[in-house]
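Asker: What follows is a structure written as structure tokens; I'll ask about it next.
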Amino acid sequence: AMIDCATPDGEPVFRSRGLREFLGYNLEDLDDAESRLASTLDAGVHPDDLAGVKKAYAHSLSTGQPYARRHRLRRFDGEYRWVETRAAPMRNVEGVIVQWNVVCLDIDGEVRTQEELRLSQEKLARAGQAASLAELSASIAHEVNQPLAAVVANSHACQRWLTAEPPNLDRARITVERIIRDANSAADVVSHIRALFKQTLYPRTASSLGELIAEVRGLMADELRKNGVTVVVELDADMPPVAFDRVQLQQVLVNLMRNAVEAMSSVRGARTMIVRAQTSGEAIEVRVSDSGVGIPMPDKIFEPFFTTKENGMGMGLAVSRSIVESHGGRLWAENNDEKGSTLVFTLPVKAKDPE
Ligand SMILES: Nc1ncnc2c1ncn2[C@@H]1O[C@H](COP(=O)(O)OP(=O)(O)OP(=O)(O)O)[C@@H](O)[C@H]1O
Ligand SMILES: [Mg+2]
């Protein structure tokens with residue numbers, strides 16, 4: 001076990017071999033330092049955890065209350081490991097603290113297992129959400145609109161405080177603080193979304209595109225039936241497996257197929273969508289064709305928020321393109337000779353590392 005004994009004001013006076021070996025130096029090495037405690041913390045505690053640890057120590061030392069905290073601690077080899085440190089005061093008969101006894105446990109394995117569990121739960125939750133871009137878009141809009149509305153309201157208020165006779169600078173200052181807070185929270189939403197679409201945490205595993213297409217078709221079965229759309233799937237034999245992020249590619253296919261359904265909503269008679277996957281050089285090409293209205297401006301449609309639909313957000317293709325490109329592929333639109341259009345994306349057979 002890693003044990004540390006300290007004076008009543010927290011200065012370490014003894015360290016067990018376990019702790020010395022973990023840290024990679026001896027207590028005497030700190031003799032030049034003004035405070036052994038402070039230099040131990042500065043040198044070892046992870047920078048992100050340092051302030052909290054120092055505060056908790058200071059609190060315990062000034063009140064005599066036991067100390068307990070989990071944080072990352074630098075091992076002799078430079079690796080940060082999660083530890084749980086507990087410190088309790090030892091008192092004499094008068095109740096005066098004579099020494100602090102500190103136990104430090106390496107709980108790195110445990111913390112990592114919990115973290116993995118949390119991540120896989122998150123992933124599960126996200127997979128459930130990813131299918132509906134419309135829902136996602138609506139919630140993004142809502143999340144960003146709330147703080148923006150508050151920013152506007154507070155800006156008006158601020159203007160009033162400043163133009164009052166005499167100007168109320170104190171109130172104006174408070175209002176500006178609120179504006180900053182709300183603007184920051186809007187910015188947070190945006191960066192959170194960006195992280196969501198990157199999803200670099202998920203391993204890209206080599207899998208079959210045929211399976212993915214079947215999966216998405218299943219996901220959309222209701223929607224397809226309601227709109228009277230028949231889907232024909234054509235798969236090249238012997239396609240090499242490609243590496244991709246399942247949830248993200250699922251989202252791309254849902255976006256493309258939903259657009260195809262929507263493009264055919266005014267078509268009388270048979271509504272057929274063809275989803276074809278074929279090998280093309282060093283890549284696999286997936287083509288989603290419809291016999292819908294066609295696309296007058298094939299480049300414009302990839303711009304975020306470009307939409308011709310009453311309830312559209314215009315994010316489907318923009319997001320899809322960024323996902324495909326992050327896989328090292330391309331996504332573009334073609335108009336068919338006959339009728340309707342085809343959205344094509346490629347995925348390189350040799351995987352690109354996630355950015
Ligand atoms: N298969 C298609 N046929 C004809 N037009 C299409 C097709 N796919 C996309 N478009 C056009 O491109 C626009 C942008 O598509 P995108 O998927 O980015 O947004 P959206 O479908 O309007 O809204 P959402 O964010 O809900 O997907 C559409 O509004 C439509 O005008
Ligand atoms: Mg769309």
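Asker: Calculate, for region 54-123, the solvent-accessible area per residue in square angstrom, rolling a 1.4 angstrom probe over the heavy atoms of the protein chains.
Answerer: Here the per-residue accessible area is 64 Å².
Asker: Place the peptides 25-37, 251-263 in order of packing, highest mean first, counting for every residue the other Cβ atoms within 10 Å and averaging per peptide.
Answerer: 251-263, 25-37
Asker: Let me ask something else. Determine the relative contact order of the chain: mean sequence separation of Cα pairs under 8 Å and six or more apart, normalised by residue count, in whole percent.
Answerer: Relative contact order, the chain: 11 percent.
Asker: Give me the accessible area per residue for region 205-348, probe 1.4 Å, as a whole number in Å².
Answerer: 48 Å²
Asker: If you split all Cα-Cα distances of region 2-106 into 5 Å bins from zero, what percentages do you get per bin, shortest first?
Answerer: 2, 12, 24, 28, 21, 9, 3, 1, 0
Asker: Heavy atoms of the protein only, probe of 1.4 Å, neighbouring chains included. What is the accessible area of Ile284 in Å², nearest 10?
Answerer: 0 Å²
Asker: While we're on this one: Report, to the nearest whole %, how much of the accessible area of the chain belongs to carbon and sulfur atoms, 1.4 Å probe, protein only.
Answerer: 54 percent
Asker: Between 0 and 90 degrees, rounded to the nearest ten: what's the tilt of helix 169-198 against the longest Cα principal axis of the chain?
Answerer: Around 60 degrees separate the two axes.
Asker: Among Leu317, Ile284, Met220, whose Cα lies farthest out toward the positive end of the dipole of region 205-348, if unit charges sit on the beta carbon of Lys, Arg (+1) and Asp, Glu (-1)?
Answerer: Towards the positive end, the residue furthest out is Met220.
Asker: Over region 1-121, what is the relative contact order in whole percent, taking alpha-carbon pairs under 8 Å and six or more residues apart?
Answerer: 26 percent
Asker: Quick one: accessible surface of His142, probe radius 1.4 Å, all protein chains present, in square angstrom to the nearest 10.
Answerer: Here the residue's solvent-accessible area equals roughly 100 Å².
Asker: In whole Hz, what ³J(HN,Hα) sequence does region 344-349 give by Karplus (6.51, -1.76, 1.60; θ = phi - 60°), x for Gly and Pro?
Answerer: Each residue of region 344-349 in turn: 10, 10, 10, 9, x, 5 Hz.
Asker: Give me the number: length gained by fully extending Met239 to Ser62, i.e. 0.36 nm times residue separation minus the C-alpha to C-alpha distance, one decimal in nm.
Answerer: Taking 0.36 nm per residue and subtracting the Cα distance, the gain is 56.8 nm.
The values are calculated or read from the model by the stated rules, or taken from the named source; none is laboratory data. Not measured: the values here are computed from a predicted model. Quick reminder, even Gly has a Cβ in these numbers, built from the backbone with ideal geometry, and neighbours come from all protein chains shown. Just the protein is used for accessible areas: all its heavy atoms, side chains included, with ligands, DNA and RNA removed. Shrake-Rupley method; radii C 1.70, N 1.55, O 1.52, S 1.80 Å.
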